[in-house]
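Trainee: Have a look at this one.
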Amino acid sequence: MDETTLNGTVEDIVYRNATGSYTVISLETDEELITAVGALPDVSAGESITALGTFEYHKTYGRQFKVISYSRTLPSDTQQIYKYLSSGAISGIGPKRALRIIERFGDETLDIIENSPDKLSTIKGISINQAENIALNYRRQAALRAIILQLQKYDLTALECARIYKSLGSDCVNLIKKNPYCLCSLEIGIDFERAESIEALLETKPFESLRIEEGILHTLRHNLNAGGHTCIPRNKLVSRCAEYLKVSTECVESALEHLLETLRAVSCVFDDNEFIFLPSSFREEKAIARRIGVIMRFPPVRSNTLISDIETIERTEGIIFEQEQKKAIITAVNQGLLVLTGGPGTGKTTTLKGILSLFEKQGLDIQLAAPTGRAAQRMSEVTGRQAKTIHRLLEVQWDENEKPYFTRNSQNPLNCNAVVLDELSMVDISLFAAFLDALALGCRLVLVGDYDQLPPVGAGNVLRDIIDSEMLPVTQLKIVFRQALQSEIVTNAHRIIKGELPELENGKGTDFFHIERNTPLLCAKTIADLYEKRLPAAYGFDYRSDIQVICPSKIGESGTRHINALLQNRVNPKSEKKREYYIGSRVFREGDKVMQIRNNYMLQWEKSGEKGEGIFNGDIGVIKKILNSDGVFIIDFDGRITEYPLEYATELELSYAITVHKSQGSEFKAVIIAAVGLPYQLSYRNLLYTAVTRAKQLCITVGTSGEIARMVHNDKKTKRYSALKHFFALECENE
């Protein structure tokens, strides 16, 4: 659409979200009253603005002006000044006080506030201190307005300018001119490439070393957040940065040394190889090793579990524990620390029930936790006891900058004496460090996970590093029980992880089938037929709650994006009875199955009278209603009813089809796996293994047997550089 410039006065602030990233205003122009929307974090009623943007048509609200950028001028006449002051734009002035000030000073009001605040104290009810505070708040706003005007030439939005001012202060313009790469801090959130583009606009170029240093930090952050690496070998980091920044390795080495000297990066040598960390990941991995070392040195009061206690459980529950299961139960109860691992069908759940029974017999206060809502729900179902997400267990809150923090920590530890943490393979170093920090000394700890599953989406490889370190007592269950062997899902999962081809000949099994399709397009069509018609008809499955399509990739005709669009049109087509909400070319419709793709600690939910906060990465729900007039979706996340503001909709994706990584920690009655047209980097064994083990009753692979064979034979696990096991070794040496 054509961009248009509008001049007008802000009549009213209709809506503004907590972060200021989305504001709705009524804008009075010479011709009409217009609804304008966009990032207008500091605009107040009564101000005059010049806005650049485009007219768009909203299905519910009609014609709107979407603001791209804007500049502003202060109100000039008494009516506009009153509207500005009475809107609450300046802290300390409300409608009544605004009226008294304007009656006294008229058109000179703003000049008096800025330059002669002592005169305000002549008005009844305003003290000298209050007058000075009013002037201070006004001057801060004036400084922000000036900064926005100066920074907009660098293509920074008003919201970004506000964050910059808050982080860097009133001298931020000069600081940016000296070093635009200071904008790459986490608080401001400008990425490295944009900082480079700002540098290109500066008249005087900053020192090249500043760019190289920030380029190194950018590379470390990218590898941490996108690749899950907590550290990088120094030689690899230097060569990558030299290539990326187009400078010599000598320049990178020099810049890296300065980063190390100023503690913005950390170096450690393990096995004669030097690794470089960001300070945060260094602290977190070291804290994990140190805390586990403390737990090992100060164990809980030793119990004396006898075989007779286990035999009592066997008689009561009607089960028989295998030898390794008995060993795990005795270790957990007597030593108070255990890592329990094993594949499907090896009896992890049965063993866990035995441990919990003996914990309860001892009168222990037990907490169960898992990294995601779905994993916690599944844990509750199989144990018959309440399980929480780790975030809920640690009682997550957020500070004035909306950054999350946990109220449970070393100063306020968990009020329990036994904790079982499931799905440890999904837990990254940041969350695990916070979890350990909240454990009281003497608290029993059982860590459960599958060694062969994918590493977490976040940084680190906690479960694998703990097991490889050989520091903690580990029980690996390997025997697949006879009952589990009746499932082709279980037997094929174990074949896959051993590097053997799964049984794909249909007819031999009852819960694992393969459908040969040679092209991604045919694969997608077959998946849609299975999802919409064949599986619901044959098994009575509900496509929203029971069936999950899992794809290794997002892209391509057999990726999640294409299959989601296909399934949405099949099972939840456009209808006059269903409201919709568009984000660009994407549409969300009442009845759609959706997934939260990043942690949002601000969202509130209610479930059976219980209230809570936080919807997290990987949570799956269904859009029950779209209330455009209220600006919310009503979404049911597994029973947690959430009023979901529309401005957060960019954090949602359709979830008829999800990636393997997003499926971790969840189980579904039926799983359909796309297995054709996969990128090489996604064709590996434990990706297929993780997908197959998400199925409880039925697993169907759709694709080519050749593609499945390539995945099985490729045992190149996701390579992650991490140092946790090395820090464990150092802890042992220091004892």
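The values are calculated or read from the model by the stated rules, or taken from the named source; none is laboratory data. Bear in mind that the values here come from a model prediction, so they are computed numbers and not experimental data. Glycine gets a Cβ as well: all are built from the backbone with ideal geometry, and neighbour counts include every protein chain shown. Note: accessible area is taken over every heavy atom of the protein model, side chains too, but ligands, DNA and RNA are not part of it. Shrake-Rupley method; radii C 1.70, N 1.55, O 1.52, S 1.80 Å.
Trainee: Hey, can you tell me all the residues within region 479-502 that are modelled with pLDDT of 90 or more and part of a loop (DSSP other than H, G, I, E, B)?
Mentor: Within region 479-502, Lys498, Gly499, Glu500, Leu501, Pro502 meet the criteria.
Trainee: Looking at Ile81, Ile68, Ile13, which one is among the β-branched types (Val, Ile, Thr), at pLDDT below 85 and within 20 Å of Tyr138 (Cα to Cα)?
Mentor: Ile81
Trainee: Could you check how many residues of region 335-371 are closer than 14 Å to Val448 by Cβ, among the hydroxyl-bearing types (Ser, Thr, Tyr) and either modelled with pLDDT under 90 or open to solvent by 10 Å² or more (accessible area, probe 1.4 Å) (or both)?
Mentor: Total satisfying the criteria: 2.
Trainee: Another question, then. Within region 274-295, identify whether any single residue is part of a strand (DSSP E or B) and surrounded by fewer than 18 Cβ atoms within 10 Å (Cβ to Cβ), and answer yes or no. If you could, list the steps in order and put the result at the bottom.
Mentor: First, pick out the residues of region 274-295 that are part of a strand (DSSP E or B): 274-277.
Of the ones still in play, those that are also surrounded by fewer than 18 Cβ atoms within 10 Å (Cβ to Cβ) are 274.
Yes, region 274-295 has at least one match.
Trainee: Follow-up question, since we're still on this one. Taking only region 193-218 into account, find how many residues are in contact with a Leu (Cβ under 8 Å, 6 or more places away or on another chain) and either small (Gly, Ala, Ser) or open to solvent by less than 20 Å² (accessible area, probe 1.4 Å) (or both).
Mentor: 7
Trainee: If you check Gln664 against the conditions, is it free of Cβ contacts under 8 Å to residues at least 12 places away in the same chain and within 25 Å of the chain's Cα centre (by Cα)?
Mentor: The answer is no for Gln664.
Trainee: OK, next. Only one of (1) within 19 Å of the chain's Cα centre (by Cα); (2) farther than 24 Å from Ala524 by Cα; (3) open to solvent by 50 Å² or more (accessible area, probe 1.4 Å); (4) of a type outside the set (Ser, Thr, Tyr) is not met by Lys611, so which one is it?
Mentor: Condition not satisfied by Lys611: (1).
Trainee: Let me ask another. Out of all the residues in region 135-173, which are open to solvent by 80 Å² or more (accessible area, probe 1.4 Å) and more than 30 Å from the chain's Cα centre (by Cα)?
Mentor: Of region 135-173, the ones open to solvent by 80 Å² or more (accessible area, probe 1.4 Å) are 139-140, 149-150, 153, 155, 163, 166, 170.
The answer is Arg139, Arg140, Leu149, Gln150, Lys153, Ser170.
Trainee: Give the number of residues within region 509-542 that are assigned to a loop (DSSP other than H, G, I, E, B) and within 14 Å of Ile700 (Cβ to Cβ).
Mentor: Qualifying residue count, region 509-542: 5.
Trainee: Could you figure out which of (1) of a type outside the set (Phe, Trp, Tyr); (2) open to solvent by 10 Å² or more (accessible area, probe 1.4 Å); (3) touching a Pro at 6+ places or on another chain (Cβ under 9 Å); (4) at pLDDT 95 or above isn't true of Lys717?
Mentor: (4)
Trainee: Moving on. Output the residues belonging to region 292-308 that are touching a residue at least 40 places away in the same chain (Cβ under 8 Å), farther than 14 Å from Leu364 by Cβ and not aliphatic (A, V, I, L, M).
Mentor: Residues satisfying the conditions are Gly293, Arg297, Phe298, Pro299.
Listed here are the residues, each with its yes/no results for (1) assigned to a helix (DSSP H, G or I); (2) open to solvent by less than 10 Å² (accessible area, probe 1.4 Å).
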| residue | (1), (2) |
| --- | --- |
| Thr650 | yes, no |
| Glu653 | no, no |
| Leu678 | no, no |
| Gln681 | yes, no |
| Gln697 | no, no |
| Val712 | yes, yes |
| Ser722 | no, no |
| His726 | yes, no |
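Trainee: Are there strands (runs of 3 or more DSSP E) fully within region 1-74 with at least 2 residues that are open to solvent by 50 Å² or more (accessible area, probe 1.4 Å) and among the basic types (Lys, Arg)? List them.
Mentor: 62-73
Trainee: Could you tell me whether region 240-253 includes any residue that is at pLDDT 90 or above, more than 26 Å from Cys268 (Cα to Cα) and part of a loop (DSSP other than H, G, I, E, B)? Write out each step before concluding.
Mentor: Kept after step one, since they are at pLDDT 90 or above, are these residues of region 240-253: 240-253.
If we keep only those that are more than 26 Å from Cys268 (Cα to Cα) too, we end up with 246.
Those still in the list that are part of a loop (DSSP other than H, G, I, E, B) too: 246.
Within region 240-253 (the criterion being at pLDDT 90 or above, more than 26 Å from Cys268 (Cα to Cα) and part of a loop (DSSP other than H, G, I, E, B)), the answer is yes, since at least one residue qualifies.
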